[in-house]
Amino acid sequence: MVRRSSKLLKCIVLWAFFAVINRADPSPDLQSPIDEPDPVSPVSTAEALIARVTPSLAANFTLSILEDEKVDSFRLSTVDEYTIKIEGNNGVSFASGYNYYLQNYLNSSISWMGDNLNRVELLDSMPPVEDEGIQKTRFWPWSYYLNICTYSYSMVWWTWDRWEREIDWMAMRGINMPL
């Protein structure tokens, strides 16, 4: 019974990752008879990620969709001394742009062994993005992560909080295909 429920949990978590982070459409069999728009947008998903990781900075980021990009990419720019704009074409792109800013402008990091966010709490203003901003584009359509054995060793015992942290970590590193 425990083994079966853990497999079910794995399937649900993976489905949620793709449906929410990558804006994947549900299969036609799972759609409701009433065509309602998806209430979870990539912008709101990324805003929730930012609020979980750095609650004190959540109001300092504005997010908007990059409509003209066909491949995963993000663009960072400075709005004013307190606001950084992240443009992306899906949830993983937003999270990757946010992580890029954390690492390259705030010298901060999120890792398995602990987080380095000490400087974030001391900010009076946001460090500006140089010039007209920067844009990063993914060269490959997929970024793989994990293997089929990993789930059976330790992940089976994870709580939702731990899964949410791992999904955030994956998205911040541009992973869009966990195995």
Residues of region 70-108 satisfying the condition of being over 16 Å from G174 (Cα atoms), open to solvent by 20 Å² or more (accessible area, probe 1.4 Å) and part of a loop (DSSP other than H, G, I, E, B) = E81, Y82, N107
For region 26-33, state whether one or more residues are at pLDDT below 90, closer than 18 Å to V92 by Cβ and among the polar types (S, T, N, Q).
-> no
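Criterion first (under 24 Å from T54 (Cα atoms) and open to solvent by 20 Å² or more (accessible area, probe 1.4 Å)) does T137 satisfy it?
Against the criterion (under 24 Å from T54 (Cα atoms) and open to solvent by 20 Å² or more (accessible area, probe 1.4 Å)), T137 does not qualify.
The values are calculated or read from the model by the stated rules, or taken from the named source; none is laboratory data. Nothing here was measured: the structure is a model prediction, and the numbers come from that model. Every residue, glycine among them, receives a Cβ derived from its backbone with ideal geometry; neighbour counts consider all protein chains shown. The accessibility values were calculated without ligands, DNA or RNA, using every heavy atom of the protein model including side chains. Shrake-Rupley method; radii C 1.70, N 1.55, O 1.52, S 1.80 Å.
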